[in-house]
Amino acid sequence: DAEIVMKLYDLRREGVMRDSRNKMFQFLPRTWEEFLAVTQPTHPMNAAFRQVSSYWEMAYGFARHHIVNSDFLIENTTEGLFLYAKMLPFLERFRKEVAATAFRNSEWITTQCETGKQRLEMVQGRVRKMLETSK
C-alpha cells in the first residue's frame, strides 16, 4: 500500500500533471454550462480536466478494487476530492447526458469509506469558501 501511494505522489509531481492539477484547482464551475464546457475537446482546459479526473479515478479505483487500503489512500490523496466536489452538483445530470460511469470511483471512496466521507465534507466546505471568495 505504501509503495502505491508513494508512486501516486511521485506521479503528481510530473510537469504536465502538476500544470493540469493547478488548472483544475482554479476551475470553479458555478453552472452546468460552465462544468460541461470543460468536458468539450475544444475547451482550453479539457486536457487538464481529462488528465486530472482520470488520474484520480484510477487512484480511487485502486481502493474500490482492494488493491490498496481505502482509508490509507484517502488520508494521503484528498486532493482528488477537490475536482469531485466541484462537479458533484452536476454529477447526476452528467451521468444521464454524457457519461454514465463518470466519477464512480470517487463516489465509491466518498460513500463506502468512512475517512472518504469525512474528507469529502471537509473539501466541500473549502470549495464553498473558494466559490464565495471568487465572486
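The values are calculated or read from the model by the stated rules, or taken from the named source; none is laboratory data. All of these numbers come straight from a predicted model, not from anything done at the bench. Don't worry about glycine lacking a Cβ; one is built from the backbone with ideal geometry, like all the others, and counts go over all protein chains shown. When the accessible area is computed, the model is the full protein with side chains, heavy atoms only, and any ligands, DNA or RNA have been set aside. Shrake-Rupley method; radii C 1.70, N 1.55, O 1.52, S 1.80 Å.
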Exercise. Between residue 25 and residue 129, what is the spin-label point distance in nm, taking each point 7 Å from the Cα along the Cα→C-beta axis?
Worked result: 1.5 nm
Seminar exercise, completed: Spelling it out for residue 78: with amide H atoms placed in the peptide plane at 1.01 Å from N, the residues 5 or more places away or on another chain with amide H under 5 Å from its amide H are none
For this session: Would you list which lysines come within 30 Å of residue 7, measuring only between C-alpha atoms, while excluding same-chain residues fewer than 8 positions from it?
Result: 23, 86, 117
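Accessible area per residue, 1.4 Å probe, Å², for the chain: what's the number? Walk me through the numbers on the way to the answer.
Values: 7660 Å² over 135 residues.
In whole numbers, the chain has 57 Å² accessible per residue.
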Exercise. Calculated from DSSP H runs of 4 or more alone, at -39500 (n - 2.57) each and per residue, what is the 222 nm mean residue ellipticity of the chain, nearest 500?
Worked result: -22000 deg cm²/dmol
Problem set entry | Where labels lie 7 Å past Cα in the beta-carbon direction, separation of residue 76 and residue 2 in nm | 0.8 nm
Seminar exercise, completed: Of the accessible area of the chain, computed with a 1.4 Å probe and all protein chains kept, carbon and sulfur make up a percent value of 51 percent
Exercise. To the nearest 10 degrees, how steeply does helix 15-26 sit against the main Cα axis of the chain, on a 0 to 90 scale?
Worked result: 60 degrees
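If you scale each eigenvalue of the Cα gyration tensor by 5 and take the root, what three semi-axes come out for the chain, rounded to whole angstrom and sorted largest first? Please list the in-between numbers first.
Values: eigenvalues 103, 56, 46 Å².
Semi-axis lengths for the chain are 23, 17, 15 Å.
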Exercise. What is the local net charge at residue 118, summed over the other residues whose Cβ is closer than 14 Å to its Cβ (Lys, Arg +1; Asp, Glu -1)?
Worked result: -1
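Which GluC sites (Glu not before Pro) in region 1-106 sit in a loop by DSSP (not H, G, I, E or B) and have at most 13 other Cβ atoms within 10 Å of their own Cβ? Mind showing how you got there, number by number?
Numbers: sites: 3, 14, 33, 34, 57, 75, 79, 92, 97; in loops: 14, 79.
Hits after loop and neighbour filter: 14.
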